1. Name the single residue that is farthest from A:Ile352 (Cα to Cα) among those in the range B:435-450 being more than 7 Å from chain A (Cβ to nearest Cβ) and modelled with pLDDT under 95.
2. Is it true that B:Gly372 is in a helix (DSSP H, G or I) and more than 14 Å from chain A (Cβ to nearest Cβ)?
3. Quick check on A:Ala108: is it out of contact with any Cys (no Cβ under 9 Å at 6 or more places or on another chain), more than 18 Å from A:His35 (Cβ to Cβ) and in a strand (DSSP E or B)?
4. Kindly provide the set of residues from the range A:468-482 that are within 36 Å of the chain's Cα centre (by Cα) and within 16 Å of A:Tyr438 (Cβ to Cβ), ordered by number.
5. Can you name the residue in the range B:27-54 that is of a type in the set (D, E, K, R) and in contact (Cβ under 8 Å) with a residue 40 or more places away in the chain and, of all such residues, is farthest from B:Asn80 (Cα to Cα)?
6. Restricting the search to the range B:217-251, which residues are part of a helix (DSSP H, G or I), among the aliphatic types (A, V, I, L, M) and without any contact (Cβ under 8 Å) to a residue 60 or more places away in the chain?
7. Restricting to the range B:290-301, and then to whatever is surrounded by fewer than 18 Cβ atoms within 10 Å (Cβ to Cβ) and in contact (Cβ under 8 Å) with a residue 24 or more places away in the chain, can you tell me which residue is nearest to B:Gly232 (Cα to Cα)?
Number of protein chains: 2
Amino acid sequence: MNDQTEQWGIFELALNGNVDGNPFRDVQFSGQFSHKHRTIEVDGFYDGAPNGRPIYRIRFMPDVQGEWHFRTQSNLAELNGKEGSFTCVAPRAGNHGPVRVANTYHFAYADGTPYKQIGTTCYVWNLQGAALEAQTLATLAQSPFNKIRFCVFPKHYRYNENEPENYPYPCLSKGSSQWNGSWMVDLQSGWSFDFERFDPAYFQHLDQCVGQLRELGIEADIILFHPYDRWGFATMDAEHDDRYLRYVVARLAAYRNVWWSMANEYDLMDGKSMADWDRFFRVVQESDPYQHLRSIHNCRELYDHAKPWVTHQSIQRPDLSQAILWRQQAAKPVVVDECCYEGDIPMGWGNISAREMVHRFWQGTAHGAYAGHGETYLHPQAILWWSKGGVLHGESAPRLAFLRQILEAGPADGLEPIEEIMQMHPCAGKAHSYYLIYLGVSQPALLEITLPEGEEYRAEVIDTWGMTVTQGEVYHGRVDIAMPGKAYHALLLRRLPEALPSRS
Amino acid sequence: MNDQTEQWGIFELALNGNVDGNPFRDVQFSGQFSHKHRTIEVDGFYDGAPNGRPIYRIRFMPDVQGEWHFRTQSNLAELNGKEGSFTCVAPRAGNHGPVRVANTYHFAYADGTPYKQIGTTCYVWNLQGAALEAQTLATLAQSPFNKIRFCVFPKHYRYNENEPENYPYPCLSKGSSQWNGSWMVDLQSGWSFDFERFDPAYFQHLDQCVGQLRELGIEADIILFHPYDRWGFATMDAEHDDRYLRYVVARLAAYRNVWWSMANEYDLMDGKSMADWDRFFRVVQESDPYQHLRSIHNCRELYDHAKPWVTHQSIQRPDLSQAILWRQQAAKPVVVDECCYEGDIPMGWGNISAREMVHRFWQGTAHGAYAGHGETYLHPQAILWWSKGGVLHGESAPRLAFLRQILEAGPADGLEPIEEIMQMHPCAGKAHSYYLIYLGVSQPALLEITLPEGEEYRAEVIDTWGMTVTQGEVYHGRVDIAMPGKAYHALLLRRLPEALPSRS
């Protein structure tokens, strides 16, 4: 048992215990973790029986440095009343804690470091076998992405006919793996599973993947349900849905880089009602001791992100200029996790040009929102980044790295839409300090701006595709700023420090 | 007096007559033109007194070949009861008559020739003096444009500080020509006019411009009111507004290439109510013997194009994919006359790239609509095509000529949106015959299409920017069509003639 755990690291307690019956169902196991006046209740989980010895674990992420004490509760005597303590020490370099909402529309790590979301999507990268998963991690390590969306359950879809090595539940009968041209749940597919017990091996691998992302400093936006299913995981009943959610939360919540996404394209899951989605949010909210970020991703109809259990908006839409509207609808961060993917597949959502992908990120930025990347280039072995990971084939990622640099060098609080300075082109920034005007398909040779009175600004012309920043003049008052007359540029106006009053 | 007039040409009757008082107000003058069982009533107009002899004219456009008889009516004896006849003969080459709505969402000339609208805008090209006007006409003659929007009244705006050579009304006092940064009507500008009488010289020049366009085969989309005014023409009272409309209609309706646009950006004219706009439509509708096309152009709020006096929709919006919606709102042709202009001026509506302009035309086409061009490049003498004409500086016009060629080689009836063949990318065409799929910012390397059973189609890949058409294979059934994997391409599927049944 570790007696030192870094802040926002994982303290893990593992105990053996024997039970007659189903250890997933029949054993209640939890721990109370106390620091000074504060006590946090944490659910444990059954993790299988390696070498025939059943093992139960509790994972805890301490958020404050100092002495922590714990005591377990269980209906199984061997797991009950165990006590101990550990010391929570300073976090290692690169560990900033979990990401939280900050300043209404933005994010920051728990230690206050701003978090500028540049996401990507690889829906089932975690179910592709060791070699491809290692390649994906190596690609991510070199990429601009600080968040990745992926699923707990395997995916049934075009380019997704391979079976995972394991399943989340013991398999009772195997069925077809073939993509039949429809994502509609196929009840005749021949697959059946024992939903009364999980397969710990499947979830141990998921833990490992989340931990690997954590080491890379990448947030894991975990998709709990999705409609693309041939196995029956999308059509379990409410009791099994809820038990599944509690099991995943018990296993993963202690990983500081976890975000919860109730679903991908929730509105395509005909078997679930809005009441189900609301309940899933509440189950996760009640189970998660750390209150990780929670959202849900639409296909057609947006979920009502104003509901209190939603922490941020996870939106699918191609037009990011609407972010202003979404900000008004729910005063929460807007992340357009799917704005179509760079690629060349036949489907319209998966074949926009790299230039368009970069454009949409900048559109989002200039409207006070964040965007998500994905890549869908045809591949002889059907290894498309969007679903399986691997390597990147496109041209947008370096430009998104460039954007991330600019965001990270910008205001810590994030960029708010600012309409006053520039009527006809979107501008985001921080009033009296920083104005980022994105011009998109516009190509002005001249921009006219009225700067706040008595303030001086340095202009920088940004070529969002060419990835250059050209220093311009210092301006004040009502100014005409010469621009290159080319599309996909931005203008950044950064305020100069006030001159010190001169001594006479 | 001509005794032969071509079909859809102008038969003009000119009579002298003296009146005490104001000949614009106090003289009623009209003619009845009869062919067989049909009689058409046409208003005349006073056209000034060259060499001191007051002259009144009636212009008539016969729409049927054969003998026509006329007889005048007037409260002035010298103009009353004049009779005569003329022969309407076959139209000359290139004269197809006025453009009408055809097939609900499209246009055709009166002789049945399809009209595929590729418009442009030069708001006051007609008020720029002989040299520049001649240059504009020479440019138009070489251009793809078969319609031009322009105003009767001069324009007050940035880059529009020059005064016209004449005014539509006698000038009582001159005022400032300076652009003051606001298009709001400036009642302090110092200008005043005698709204009780027109200046015939001003309107004679307008007649000439419309006639010159007619000779080039270009439709004159005449904008009757607009808000950009420093002279007071935008703020006349209802009586003068209506008299102005009747005067313009009397002078110009006989020109077969006339379209009536009640206003540009009607919703920016604070002094006019919706009842005024409805009345203007009815005044024009009642006065125009030929029922030329009638519409009205918005800035923010669309006018309700479903109203019965509107013949087609003249829309300002940047996103032409919404044409589907507008078609549903009013089953009339959709012309997006302003979708922003190619250029580099500071204003967002006037600085899109040539590529984006061409893209918007293709977007419109693929959604069953038509679009309009304009050009706004900064110019040392402030000669911007959008307002003054001159020469074209941009890169979109040749691509619009290419589009026009494709449209004119396509189905005569026009292109209807077709969703069934292609879910994710817009397609317009004629079912079982012709499918034009526009890919825009998408860059598929493969397209999957299910062609109607038992029909064969030739594929053609169109590079909308490169202006090439590459012949592809012949396909039938469910097919995968290889595409170049580049943005701004289209796929055209043209049905092959059925093979003759083979004889055995």
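The values are calculated or read from the model by the stated rules, or taken from the named source; none is laboratory data. Keep in mind it's a predicted model, so treat the numbers as computed, not measured. Because the Cβ atoms are built from the backbone with ideal geometry, glycine has one as well, and the counts that use them run over all protein chains shown.
1. Filtering the range B:435-450 for residues more than 7 Å from chain A (Cβ to nearest Cβ) gives B:435-440, B:449-450.
Okay, now just the ones that are also modelled with pLDDT under 95, so B:449-450.
Values: B:Ile449: 19, B:Thr450: 22 Å.
Within the range B:435-450, the match that is farthest from A:Ile352 (Cα to Cα) is B:Thr450.
2. On the way: in a helix (DSSP H, G or I): no; more than 14 Å from chain A (Cβ to nearest Cβ): yes.
Here the answer is no, as B:Gly372 does not meet what is asked.
3. Numbers: out of contact with any Cys (no Cβ under 9 Å at 6 or more places or on another chain): yes; more than 18 Å from A:His35 (Cβ to Cβ): yes; in a strand (DSSP E or B): yes.
So A:Ala108 passes the test.
4. Correct list: A:Thr468, A:Val469, A:Thr470.
5. From the range B:27-54, those of a type in the set (D, E, K, R) are B:36, B:38, B:41, B:43, B:47, B:53; that's our starting set.
Checking which are in contact (Cβ under 8 Å) with a residue 40 or more places away in the chain leaves us with B:41, B:43, B:47.
Values: B:Glu41: 14, B:Asp43: 13, B:Asp47: 17 Å.
That would be B:Asp47.
6. Taking the range B:217-251 as the starting set, the residues that turn out to be part of a helix (DSSP H, G or I) are B:233-235, B:238-251.
Imposing the further condition that a residue be among the aliphatic types (A, V, I, L, M) reduces the set to B:234, B:238, B:245, B:248-250.
Scanning the range B:217-251 gives B:Ala238, B:Leu245.
7. Start the filter on the range B:290-301 by keeping residues that are surrounded by fewer than 18 Cβ atoms within 10 Å (Cβ to Cβ), which leaves B:291, B:299-301.
The next check asks that each one be in contact (Cβ under 8 Å) with a residue 24 or more places away in the chain; those that pass are B:299-301.
Details: B:Cys299: 20, B:Arg300: 23, B:Glu301: 24 Å.
The qualifying residue nearest to B:Gly232 (Cα to Cα) is B:Cys299.
This table checks each residue for (1) modelled with pLDDT under 95; (2) of a type in the set (Ser, Thr, Tyr); (3) out of contact with any Ser or Thr (no Cβ under 7 Å at 6 or more places or on another chain).
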{"site": "A:Gly9", "(1), (2), (3)": "no, no, yes"}
{"site": "A:Asn16", "(1), (2), (3)": "no, no, yes"}
{"site": "A:Asn22", "(1), (2), (3)": "no, no, yes"}
{"site": "A:Asp26", "(1), (2), (3)": "no, no, yes"}
{"site": "A:Ser34", "(1), (2), (3)": "no, yes, yes"}
{"site": "A:Gly44", "(1), (2), (3)": "no, no, no"}
{"site": "A:Leu79", "(1), (2), (3)": "no, no, no"}
{"site": "A:Ser85", "(1), (2), (3)": "no, yes, yes"}
{"site": "A:Asn103", "(1), (2), (3)": "no, no, yes"}
